[in-house]
Amino acid sequence: MKDGSRSHWMARIDPWLMPEDTDPAGAGYHTHNAKLAIASGGMGGEGYMQGSSVQSGRVPYTYSDSIFVQIAEEYGFIGSSVLLLLYFILIHRMILISLESKDRAGPFLIVGIVSMLLYQIFENIGMFIGLMPLTGITLPFISYGGTSLVISMASLGVAMSVKLHGREIEEDLPEPNTYRTATKPKQA
């Protein structure tokens with residue numbers, strides 16, 4: 001590994017592992033200011049377009065990666081909880097679709113989609129509250145980003161297809177216990 005590449009990764013990992021040892025004006029700038037903005041939101045938030053940290057530009061990329069910070073500062077704990085509740089309802093419905101599907105491949109597709117969404121949600125929110133290192137993972141359906149939105153919408157389309165077409169039992173495959181068994185030849 002090149003020395004320049006190593007220093008880049010260390011600059012990303014150190015503020016996560018040792019936040020008290022990093023310079024808040026240097027490598028820990030983004031995470032430190034994000035935590036301050038989330039904390040300043042309080043219970044009800046500072047109001048739409050009234051967030052002091054976000055509007056003053058101390059938190060970068062509020063339109064994409066740091067959108068949760070903006071929501072938490074402007075709408076507070078209540079707004080953040082509503083967002084998480086909406087994600088919970090979406091994921092719960094997808095799990096119910098998976099459980100109701102008679103198709104064999106449908107539940108596997110749903111589990112993959114749910115895993116993808118859960119990872120993105122946990123990583124995006126976790127990196128601003130100090131649980132995960134700072135990365136460029138977007139918040140599904142909320143962050144600005146064409147590719148992320150297209151992939152998330154296509155994933156929901158696949159889940160809806162499993163819901164619509166997963167009601168019929170596959171007729172081209174036999175049931176597991178109806179496979180032919182070899183017969184023994186008759187003895188004379």
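List of remarks:
- Residue match in the range 151-167 (condition: out of contact with any Ser or Thr (no Cβ under 8 Å at 6 or more places or on another chain), farther than 21 Å from ILE67 by Cβ, of a type in the set (D, E, K, R) and surrounded by 15 or more Cβ atoms within 10 Å (Cβ to Cβ)): no
- Residue check for GLY112: over 19 Å from TYR144 (Cβ atoms) and surrounded by 20 or more Cβ atoms within 10 Å (Cβ to Cβ): no
- Checking the stated criteria, SER80 turns out to be among the polar types (S, T, N, Q) and farther than 18 Å from ILE151 by Cβ.
- Yes/no for PHE122 being closer than 22 Å to ASN33 by Cα and either not aliphatic (A, V, I, L, M) or not in a loop (DSSP other than H, G, I, E, B) (or both): yes
- Consider the range 168-188 and keep the residues that are part of a helix (DSSP H, G or I) and open to solvent by less than 100 Å² (accessible area, probe 1.4 Å). The one that is modelled with the lowest pLDDT is THR178.
- Among the residues of the range 36-87, those that are at pLDDT below 80 and open to solvent by 80 Å² or more (accessible area, probe 1.4 Å) comprise LEU36, MET49, GLN50, GLN55, ARG58, TYR61, TYR63.
- First in the range 130-142 and open to solvent by 50 Å² or more (accessible area, probe 1.4 Å), second anywhere and of a type in the set (A, V, I, L, M), Cβ under 6 Å, 6 or more apart: ILE142/ILE67
The values are calculated or read from the model by the stated rules, or taken from the named source; none is laboratory data. Given the structure is predicted, the values throughout are model-derived calculations rather than measurements. With ideal geometry, Cβ positions are generated from the backbone for all residues, glycine too; neighbour counts draw on all protein chains shown. Ligands, DNA and RNA are stripped out before the accessible areas are found, and what is left, the full protein with its side chains, is counted by its heavy atoms. Shrake-Rupley method; radii C 1.70, N 1.55, O 1.52, S 1.80 Å.
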